[in-house]
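The next block holds one structure in the form of structure tokens; read it before the comments.
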Amino acid sequence: MTSSLRSRMRGMSLLELLVAFSILSLSLGVLYKAIGGSARNVADAERYQRAVLLGESLLAVRDAVTAEGWSEEGQSAGYAWSVRSAPLETEAGRRNPGAPVLHQVDIRIDWIGERDAIRSLHLSTLRPQRKPLVAGGAR
């Protein structure tokens, strides 16, 4: 009876221990990659959100565009940006010459993303053309 009891109380073999450690290391590797990918996604989302805020700030600078249009570029906090506008032909403008002229404003923002990849954001909106000041008008 002592031999059957001794065979049941026997510990893990070296092979079983190696297999257990292999499974543990593979599991930890997968978990590490998942956590690292999540951290990268959070950083990318933060950079994208900052680019959107920069674009909205650029648009908030002007509520109207001059007849010459809007062409500007610059850099801010690691983001390179450019603003371009062009008059937009509309059906209402063709039918009614007194209708306000609209300009299509395009904003492009570039930044360096994960693994030195260049990321871009394009925003587009319409702005009215500023009416010229009339000489002798109200001050």
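Of all residues in segment 64-79, those satisfying the criterion of being closer than 29 Å to Glu46 by Cβ, in contact with a strand residue (DSSP E or B) (Cβ under 7 Å, 6 or more places away or on another chain) and open to solvent by 40 Å² or more (accessible area, probe 1.4 Å) are Glu72, Glu73, Gly78. Looking only at segment 102-126, residues that are open to solvent by 50 Å² or more (accessible area, probe 1.4 Å) and in contact with a Leu (Cβ under 8 Å, 6 or more places away or on another chain) come to 5 in all. Within segment 81-106, no residue that is touching a residue at least 24 places away in the same chain (Cβ under 8 Å) and more than 17 Å from Glu68 (Cβ to Cβ) sits with its Cβ atom under 8 Å from a residue that is in a loop (DSSP other than H, G, I, E, B) and open to solvent by 60 Å² or more (accessible area, probe 1.4 Å) at 6+ positions apart or across chains. When segment 42-61 is examined, which residues are found to be closer than 14 Å to Trp111 by Cβ, of a type in the set (A, V, I, L, M, F, W, C) and touching a residue at least 24 places away in the same chain (Cβ under 8 Å)? Result: Ala43, Ala51, Val52, Leu54.
The values are calculated or read from the model by the stated rules, or taken from the named source; none is laboratory data. Keep in mind it's a predicted model, so treat the numbers as computed, not measured. Heads up, the Cβs are rebuilt from the backbone with ideal geometry, glycines too, and the neighbour counts pull from every protein chain shown. Remember, those area values only see protein heavy atoms, side chains included, never the ligands or the DNA or RNA. Shrake-Rupley method; radii C 1.70, N 1.55, O 1.52, S 1.80 Å.
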